[in-house]
1. Does VAL304 qualify as being assigned to a strand (DSSP E or B) and either surrounded by 13 or more Cβ atoms within 10 Å (Cβ to Cβ) or assigned by TED's automatic domain parsing to the domain that holds LYS12 (or both)?
2. Please go through segment 109-125 and give me each residue that is farther than 21 Å from ILE176 by Cβ and surrounded by 15 or more Cβ atoms within 10 Å (Cβ to Cβ), ordered by number.
3. Condition check: at pLDDT 95 or above and either closer than 23 Å to GLU160 by Cβ or within 12 Å of ligand 1 (Cβ to nearest atom) (or both). Does LEU89 satisfy that?
4. Going by the conditions given, is VAL83 within 16 Å of ligand 2 (Cβ to nearest atom) and either surrounded by fewer than 20 Cβ atoms within 10 Å (Cβ to Cβ) or not aromatic (Phe, Trp, Tyr) (or both)?
5. Could you look through segment 1-47, keep only residues that are within 12 Å of ligand 1 (Cβ to nearest atom), charged (D, E, K, R) and not in a strand (DSSP E or B), and pick out the one that is nearest to the chain's Cα centre (by Cα)?
6. Check ALA282, ALA267 and return the single one that is without any contact (Cβ under 8 Å) to a residue 12 or more places away in the chain and among the aliphatic types (A, V, I, L, M).
7. Kindly list the number of the only condition in (1) away from ligand 1 (no atom under 16 Å from the Cβ); (2) polar (S, T, N, Q); (3) in contact with a Leu (Cβ under 7 Å, 6 or more places away or on another chain) that fails for THR50.
8. From (1) of a type outside the set (Gly, Ala, Ser); (2) within 33 Å of the chain's Cα centre (by Cα); (3) over 30 Å from GLU309 (Cα atoms); (4) at pLDDT below 90, pick out the condition that doesn't hold for ILE200.
Amino acid sequence: MQPILDIADLRKSYGDGFEALKGVSLRIEPGEIIALLGPNGAGKTTLISTVCGITTATSGTVAVGGHDIIRDFRAARSMIGLVPQEINLEPFERVINTVRFSRGLFGKSPDEAAIEKILRQLSLWDKRNNQIRELSGGMKRRVLIAKALSHEPRLLFLDEPTAGVDVELRKDMWEIVEGLKADGVTIVLTTHYIEEAEAIADRVGVIAKGELLLVEDKADLMARMGQKQLDVQLSAPLEDVPEALAKYDLTLCDDGRTLTYSYDTRAERTGITKLLRDVSEAGLVLRDVVTRQSSLEDIFVGLVHEEEEAAS
Ligand SMILES: Nc1ncnc2c1ncn2[C@@H]1O[C@H](COP(=O)(O)OP(=O)(O)OP(=O)(O)O)[C@@H](O)[C@H]1O
Ligand SMILES: [Mg+2]
């Protein structure tokens, strides 16, 4: 299948010489939701701005639905919707007019049915004749989405759609995103909330200091996260794992003072009860039992940290 977005070795240096993107490559299939995670200043907005034609790349190529964003600017741009990180709305304009206006900017003919569908989908229909200044913060964010959808794009960028939004509204936003996906819209969102990526993304990308460090299926990441370790700390050190415990695939560490057991948190039977009973039957005396879990957050923090170490 032709990717909806194909970014190849994209580099961006700003006028002051700062290199905000250091050769990013990414292919996105139609219908995916992909979440880009990364610390402040990682280059997420720069990446999105470059794809959307707000800033120009220093080198590399971007194609949207097969249309090069430079050579075939209009075709590429008409397929893209952008919800910017900053709210930038005209306070005295009426909701429905801002959305109509955005559609017009793309040279699309007026289509009241399409506008109504978008406003209803975002629960803004009742507010269509209100002025922007009369809306709450969450409603304003939804107006930004309505504007971005006004020309019926196939690829929607959401730059931190839920920054500063309360938990309830965040969940509403997730539902909206799922609804758009069901309509066949491909979504790229940036976020600082790891649980947001967990909740809605099909794939997760981690970006730090202008480099895409990882892009992975969420399910695979979750499978890694599903692993948990149980450390059985012993009063007296062991030379080897006792024969009676051989079937558990334990590792002996900490100078023979800790037996480590890995298990899948999602499994019906983790085997912990049996293990602890067998440990005690083998005559070992426990000092303490500790569990550890690798989370998406650990993976994320670990990656970003490694990157910082390598750079220094
Ligand atoms: N117009 C500009 N001129 C010079 N440097 C810029 C410009 N815009 C962004 N940068 C720099 O590029 C880097 C990446 O910025 P960017 O806005 O892409 O980060 P981000 O990942 O979106 O961060 P955040 O999570 O804070 O939104 C930062 O160091 C920033 O200072
Ligand atoms: Mg940003």
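1. Numbers: assigned to a strand (DSSP E or B): no; either surrounded by 13 or more Cβ atoms within 10 Å (Cβ to Cβ) or assigned by TED's automatic domain parsing to the domain that holds LYS12 (or both): yes.
No; evaluated as a whole, the condition is false for this residue.
2. Across segment 109-125, there are no qualifying residues.
3. Details: at pLDDT 95 or above: no; either closer than 23 Å to GLU160 by Cβ or within 12 Å of ligand 1 (Cβ to nearest atom) (or both): yes.
Spelling it out, it is not the case that LEU89 is at pLDDT 95 or above and either closer than 23 Å to GLU160 by Cβ or within 12 Å of ligand 1 (Cβ to nearest atom) (or both).
4. Working: within 16 Å of ligand 2 (Cβ to nearest atom): yes; either surrounded by fewer than 20 Cβ atoms within 10 Å (Cβ to Cβ) or not aromatic (Phe, Trp, Tyr) (or both): yes.
Criteria met by VAL83.
5. Selected residue: LYS44.
6. Only one candidate passes the filter, namely ALA267.
7. The number of the failed condition is (1).
8. For ILE200, the failing item is (4).
The values are calculated or read from the model by the stated rules, or taken from the named source; none is laboratory data. None of the values given here were measured: they were computed from a predicted structure. Note that each Cβ is placed from the backbone with ideal geometry, even for glycine, and that neighbours are counted across all protein chains shown.
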